[in-house]
1. Explain nothing, just the number: dipole magnitude of the chain about its Cα centre with +1 on each Lys and Arg Cβ and -1 on each Asp and Glu Cβ, in debye rounded to the nearest 20.
2. With Rg/Rh (Cα atoms, Kirkwood Rh) defined as stated, name the option among (i) 0.94; (ii) 1.09; (iii) 0.99 computed from the structure displayed.
3. Taking only protein heavy atoms and a 1.4 Å probe, what accessible area per residue, in Å², does segment 62-137 have with all protein chains in place?
4. Work out the FRET efficiency for ASN124 and ALA15 from their Cβ-Cβ distance, taking R0 = 25 Å, and round it to the nearest 0.05.
5. Using θ = phi - 60° and the Karplus form 6.51 cos²θ - 1.76 cosθ + 1.60, what ³J(HN,Hα) does each residue of segment 69-86 get, whole Hz, x for Gly and Pro?
6. Once the Cβ-Cβ distance between TYR48 and LEU22 is put in as r, and R0 is 22 Å, what FRET efficiency do you end up with, to the nearest 0.05?
7. Which of rounded, prolate or oblate describes segment 82-181 when judged by the alpha-carbon gyration tensor and an a/c cut-off of 1.5?
8. Ignoring ligands, DNA and RNA, please state the percent of accessible area on the chain from carbon and sulfur, probe 1.4 Å.
Amino acid sequence: YFPADQHQFAKCVKAIFPHPGLRFVFSTRAPVPDILNEDGKPFFGEGYEFKTGKDDVIRDVPPGHGYVVSFGETLYRALDAIITLGASGKTVGLINKSTLNVWDETVMKKLAASPFVLVAEGYNVKTGLGSRFGSELLKYGFKGKFNHIGTHKEGSGGLWQQMGYQGLDPKGIGEAIKKLM
């Protein structure tokens, strides 16, 4: 998930560009809502600085609560799901995994200490981030429950139709969280 603001986006690209090797910047074709912090201000707004290899803790929770790890077009849907669960007394954290091929040591330790982790992504469930994230968590001592959801059925239509069809809308993500709780 990158900020829609062109100035912020340019700063992200400049942070990535000087590193050796292949670099990929993924973007959705359609605009997505801003990710708001708990004060209602844009998380990726003024003062935000992208750092390669650092995950964004969108919603932190006290020890004993689980997390959703997400990115891209699924991030705001996951945020919607955890806000809805929060309204019913269920506390869940949210991590934006903006650098998919680098593990943020601090965040991985936080996740490893939690009772559950759900990876919710718009990529294929067999080959996306979730297919290897659980193995990485084990290296950090994770003993909780783990699941990952992503695209897994053939279909047609645009992004809006597919997210619900694949169970990646806020309702589907919320249901996947409840199964882990």
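1. Computed charge dipole of the chain: roughly 580 debye.
2. (i)
3. I get 36 Å² per residue for this part.
4. About 0.35, to the nearest 0.05.
5. 10, 8, 6, x, 5, 8, 4, 5, 5, 5, 4, 4, 4, 6, 5, 4, 5, x
6. 0.30
7. oblate
8. On the chain, the fraction of accessible area on carbon and sulfur atoms equals 55 percent.
The values are calculated or read from the model by the stated rules, or taken from the named source; none is laboratory data. Worth saying up front: this structure is predicted, and the values here are computed from it rather than measured. Ideal geometry is used to build each Cβ from the backbone, glycine not excepted, and the neighbour counts take in all protein chains shown. SASA here: full protein model, heavy atoms, side chains in, ligands and nucleic acids out. Shrake-Rupley method; radii C 1.70, N 1.55, O 1.52, S 1.80 Å.
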